[in-house]
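The values are calculated or read from the model by the stated rules, or taken from the named source; none is laboratory data. Model, not experiment: these values are computed from the prediction. Every residue, glycine among them, receives a Cβ derived from its backbone with ideal geometry; neighbour counts consider all protein chains shown. Only protein heavy atoms, including side chains, enter the accessible area calculation; ligands, DNA and RNA are left aside. Shrake-Rupley method; radii C 1.70, N 1.55, O 1.52, S 1.80 Å.
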Amino acid sequence: MSVEITENGEVHIYGRERLGDRPRIGILTSGGDCPGLNAVIRATTKTAFWLGYDVVGFRDGFEGLVDPIRYQVLSPRNTAGILIQGGTILGSTNKGRFAARVGESGRVELDPKLVGRVAETIERMKIEGLIVVGGDGSLSTAQQFHEAGIPVVGVPKTIDNDLKATAFTFGFNSAVLCCADALDRLHTTAASHQRVMVLEVMGRHTGWIALHGGIAGGADVILIPEIPWTYENIIAKIEERRTLDKHFTLIVVAEGAHLPAGGLVLDEGGSQNMQVRLGGIGQVVAERLEGMIEQDVRFVVLGHLQRGGGPTTFDRVLASEYGAHAVRLITEGKFGQMVCSDPPDICHVPIVEAVDQIRTVDPGGSAVQSARAMGMCFGDTPGYQNPFQTTPGKQ
Ligand code: F6P
């Protein structure tokens, strides 16, 4: 890969491709990476190519838009083969000058001068529309660009699946597979040693990964931020399993689950991106349980393994559809919109609607109900509770 610095030292161009005189679309990937980002980049590039556009990929999230501008020209040739690759060939960051979100929903106003500089870049480079691939933080930044008149469209990305206005974000399914695979592996070692295993998964302030991963991997206990739980109820489940001759128990805990006494477990390293850094609840739960029961308890933190690696086939399809439809939105002049999934269709909604609050797990929803029906425990009741409220033989 060659690097070129122009006379004024401002623009860095990566790669061998050069811009032609076709109309231009820009794309950037921002926030925490996840499987499927490259599939979006590829789909965008291919769609744009066939529709007669050149594609400019800005580097390292929003950072590549200004001071200095850093970009790479994307083509079907240099995006070939990236459909199945994890990470993002454009780079990404979840901190820096463009953070527009604090906590779960607080808006932070971007420096108007910085936004003005971005507008200059877009104009100077003759970009007709900028595709921002990101989670709620990055899309909040995109929304402020839109309010400043910069032509943007959004593509929802995050393993957490916590964005309102879309049934699925790409990356989620891949993270769920990772969680289920970990549970499959923990199952055999837990059974061999008759142990309680605690698996901590990501998800920020929602329990989507824990819930879906827990169901897919056959967990016995699932602890999520949306459902209050107690240690006593978990122990009741462990005991109940013993009576069924099951001498091991698999517990999945979401990193953002609240402790019974209240409060979150935070990673002591803190955070530089205006969001708290969650982490450590797996250990807390394991240590507390170990002090309350006779059995051995071990914990595993799945961590960034959930974000690494290539996308599942579901995420490849979703990411590809998002990329293609994001280009369509630009060709139709539908700026300030985000592509979204409303199965079986890909639709679009105003970005502002997608970022004003997070989408949490519904404790009364069908996934939780199904899990309860199968005897899975959410730590909120001491024993089996019929979620369907029916009795045998009665309609
Ligand atoms: O939002 C995606 C996510 O992976 C969360 O599940 C997790 O809390 C966070 O990002 C971790 O971020 P970082 O990359 O800063 O460790």
Sort out for me the Cα centre separation of the stretch 205-283 from the stretch 375-395, rounded to whole Å.
-> 20
Within the chain, what is the longest stretch that has no GluC sites (Glu not before Pro) placed in a DSSP loop and near at most 13 other beta-carbon atoms within 10 Å?
-> 110-267
Which residue, T88, T169, T243, has the most motion in a Gaussian network model of the chain that connects Cα atoms within less than 10 Å?
-> T243
Listed residues G135, G379, G52; largest mean-square fluctuation, Gaussian network over the chain with Cα springs below 10 Å, found at G52
For every other residue with a beta carbon closer than 14 angstrom to the beta carbon of V327, add +1 if it is Lys or Arg and -1 if Asp or Glu, then tell me the sum.
-> +2
Based on the alpha-carbon gyration tensor of the stretch 62-115 and its eigenvalue square roots a ≥ b ≥ c, which shape applies: rounded if a/c is under 1.5, prolate if not and a/b is larger than b/c, or oblate?
-> oblate
Unit charges on C-beta of K, R, D, E only; dipole of the stretch 196-331, Debye | 500
Built amide H within the under 5 Å cut-off of V152, gap 5+ = L130, G336
Cβ charges +1 (Lys, Arg) and -1 (Asp, Glu), total dipole of the chain, debye = 760
Residues whose built amide H sits under 5 Å from the amide H of H348, excluding neighbours closer than 5 in sequence, are C340
Based solely on its DSSP helices, what 222 nm [θ] is calculated for the chain when runs of n ≥ 4 H residues each add -39,500 (n - 2.57) and the sum is averaged over all residues, nearest 500 deg cm²/dmol?
-> -10000 deg cm²/dmol
Go through 35-42, 110-117 and give me the packing order, highest mean Cβ count within 10 Å leading.
-> 35-42, 110-117
How large is log10 I(q)/I(0) at q = 0.16, 0.19, 0.20, 0.25 Å⁻¹ when the Debye formula is applied to the Cα atoms of the stretch 308-395, each weighted equally and without solvent?
-> -0.85, -0.96, -1.00, -1.21
Return a whole-number percent for the relative contact order of the stretch 211-325, with Cα pairs under 8 Å and 6 or more residues apart as the contact set.
-> 18
Amide H neighbours of V102 at under 5 Å, excluding residues fewer than 5 places away on the same chain, with H built from the backbone geometry, are R107, V108
Based on a Kirkwood Rh over C-alpha pairs, give the Stokes-Einstein translational diffusion coefficient of the stretch 1-131 at 10 °C and viscosity 1.306 mPa s in µm²/s.
-> 103
For the stretch 166-174, Karplus couplings with θ = phi - 60° (6.51, -1.76, 1.60), whole Hz, Gly/Pro x = 9, 5, 9, 9, 6, x, 5, 4, 5
When the Debye formula is applied to the Cα atoms of the chain, each taken as the same point scatterer, what base-10 log of I(q)/I(0) results at q = 0.07, 0.10 Å⁻¹?
-> -0.36, -0.67
Taking +1 at the Cβ of each Lys and Arg and -1 at the Cβ of each Asp and Glu, which of P311, G375, F299 sits farthest along the dipole of the stretch 237-395 towards its positive end, judged by Cα position relative to the Cα centre?
-> G375
Sites removed, the longest contiguous part of the chain containing no DSSP-loop chymotrypsin sites (Phe, Trp or Tyr not before Pro) with at most 16 other Cβ within 10 Å is 1-383
Residues of the chain: accessible area per residue with a 1.4 Å probe, Å² | 43
What does the charge dipole of the stretch 180-237 about its Cα centre add up to, to the nearest 20 debye, if the Cβ of each Lys and Arg holds +1 and the Cβ of each Asp and Glu holds -1?
-> 80
Rounded to the nearest Å, the spacing of the alpha-carbon centers of the stretch 287-325 and the stretch 34-110 is 23
Under 11 Å from the Cβ of V300, count the other residues' Cβ atoms, weight Lys and Arg +1, Asp and Glu -1, and hand me the total.
-> +1
Of the accessible area of the stretch 149-251, with the probe set at 1.4 angstrom, what percent is carbon plus sulfur?
-> 55
Diffing the stretch 47-53: the Karplus 3J(HN,Hα) column from phi (6.51, -1.76, 1.60, θ = phi - 60°), in whole Hz with x for Gly and Pro, holds 4, 4, 4, 5, 8, x, 10
On the accessible surface of the stretch 309-395, probed at 1.4 Å with all protein chains in place, carbon and sulfur together account for a percent value of 53
